[in-house]
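The values are calculated or read from the model by the stated rules, or taken from the named source; none is laboratory data. Note that the structure is predicted; figures quoted are calculated from it, not measured. With ideal geometry, Cβ positions are generated from the backbone for all residues, glycine too; neighbour counts draw on all protein chains shown. We work out accessible area using only protein heavy atoms, side chains counted, and drop any ligands, DNA or RNA first. Shrake-Rupley method; radii C 1.70, N 1.55, O 1.52, S 1.80 Å.
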Amino acid sequence: MRAIAQVLKAWDDRGAVRPFFIGIGGGSAAGKSTLAGELAEHLAPLVVEVVNQDRFFKKPAEMPTYFSAINQGDRPAYNEPDSFKREEMVSYCRGLNSGDVVILEGILVLWFAELRALMDCKIYIDADADERIIRRIRRNMKSLADYDSITDYYLESVRFQHEEYNAPTREYADMVIPGGMAETAERRQIAEELCAAIAAHPSFGCSRA
């Protein structure tokens, strides 16, 4: 895991003439959106843009599919690289040249080489599968999904796609942050240290005046 100082030095070496780009990956319900929000809050009053990868999902009819034995038919798979509008996603992120910090979060932000090339700091949130599925059930039941559909989709699709596409992206991370409930204090400390180091960088001095 690269130290925060090394991450910032690498940004300096690239010229530091564009926003500091943070990518946050991790499994479904690992806490990516929560961490992105916390970083944005800690970085205030710097101008931070948070981009959720979900905005680039293809329409369900255009997505790759998996065969559901429970439903006896093909269903859209939301957790594969081809589930996203790749060209649109990459083009949008390349065009983010204003503001101080960009945070891109999503299950597969570290999968795409074009996105990794933009990132100055790559973070992977590592949370146990049992905790993630509980969070996923609680989160999705607040919307339109019911318990059976949530658990069926997880058991038939999400867990396998996680192992094939998501978990391997951990190796690209500069920082692996624990995502468990028992590790909240450690996660908060890492986030605060990262934000303090970014805010203290000379390039942002005028933004915090």
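What pairs come out if I take residues in segment 22-36 that are in contact (Cβ under 8 Å) with a residue 24 or more places away in the chain and pair them with residues that are of a type outside the set (A, V, I, L, M, F, W, C) and in a loop (DSSP other than H, G, I, E, B) whose C-beta lies under 6 Å away, six or more apart or interchain?
ALA30/GLY179; GLY31/GLY179
So which pairs qualify, if the first residue must be in segment 97-124 and without any contact (Cβ under 8 Å) to a residue 40 or more places away in the chain, the second must be open to solvent by less than 40 Å² (accessible area, probe 1.4 Å), the Cβ gap must be under 6 Å, and the two must be at least 6 apart or on different chains?
GLU114/VAL90
Quick check on segment 3-22: of everything there that is open to solvent by 10 Å² or more (accessible area, probe 1.4 Å) and part of a loop (DSSP other than H, G, I, E, B), which residue is modelled with the lowest pLDDT?
Among those residues, the one meeting the criterion is ALA16.
Surrounded by fewer than 16 Cβ atoms within 10 Å (Cβ to Cβ), over 17 Å from GLY23 (Cα atoms) and among the basic types (Lys, Arg): does that describe ARG159?
On the way: surrounded by fewer than 16 Cβ atoms within 10 Å (Cβ to Cβ): no; over 17 Å from GLY23 (Cα atoms): yes; among the basic types (Lys, Arg): yes.
Here the answer is no, as ARG159 does not meet what is asked.
Got a sec? Which of LEU96, LEU115 is open to solvent by less than 10 Å² (accessible area, probe 1.4 Å) and either of a type outside the set (Lys, Arg) or part of a helix (DSSP H, G or I) (or both)?
Working: LEU96 fails: open to solvent by less than 10 Å² (accessible area, probe 1.4 Å).
So the residue among LEU96, LEU115 that is open to solvent by less than 10 Å² (accessible area, probe 1.4 Å) and either of a type outside the set (Lys, Arg) or part of a helix (DSSP H, G or I) (or both) is LEU115.
Given the conditions (1) within 16 Å of VAL158 (Cβ to Cβ); (2) at pLDDT below 95, which single one is not true for GLY25?
Only one criterion in (1) within 16 Å of VAL158 (Cβ to Cβ); (2) at pLDDT below 95 is unmet by GLY25, namely (2).
Considering only segment 38-65, how many residues are farther than 24 Å from ARG86 by Cα and open to solvent by less than 40 Å² (accessible area, probe 1.4 Å)? Lay out the reasoning, then the answer.
So the first thing to find is which residues in segment 38-65 are farther than 24 Å from ARG86 by Cα, and the list is 38-47.
So of that shortlist, the ones also open to solvent by less than 40 Å² (accessible area, probe 1.4 Å) come out as 39-40, 43, 46.
The qualifying residues number 4.
If I ask for residues that are surrounded by fewer than 19 Cβ atoms within 10 Å (Cβ to Cβ), at pLDDT 85 or above, of a type in the set (A, V, I, L, M, F, W, C) and part of a loop (DSSP other than H, G, I, E, B), which ones from segment 173-209 would you list?
Scanning segment 173-209 gives a single hit, ALA200.
Looking only at segment 118-138, how many residues end up being closer than 13 Å to VAL102 by Cα and either touching a Gly at 6+ places or on another chain (Cβ under 6 Å) or part of a loop (DSSP other than H, G, I, E, B) (or both)?
So the count comes out to 4.
Would you point out the residue of segment 99-112, among those that are modelled with pLDDT of 95 or more and not in a strand (DSSP E or B), that is most open to solvent (accessible area, probe 1.4 Å)?
TRP111
Can we say ALA145 is part of a helix (DSSP H, G or I) and either free of Cβ contacts under 8 Å to residues at least 24 places away in the same chain or over 16 Å from TYR78 (Cβ atoms) (or both)?
Working: part of a helix (DSSP H, G or I): no; either free of Cβ contacts under 8 Å to residues at least 24 places away in the same chain or over 16 Å from TYR78 (Cβ atoms) (or both): yes.
For ALA145, the condition - part of a helix (DSSP H, G or I) and either free of Cβ contacts under 8 Å to residues at least 24 places away in the same chain or over 16 Å from TYR78 (Cβ atoms) (or both) - is not met.
Working carefully through the options PRO45, PRO64, find the one that is modelled with pLDDT of 95 or more and over 19 Å from MET119 (Cα atoms). Lay out the reasoning, then the answer.
Details: PRO45 fails: modelled with pLDDT of 95 or more.
Selected residue: PRO64, the only one of PRO45, PRO64 that is modelled with pLDDT of 95 or more and over 19 Å from MET119 (Cα atoms).
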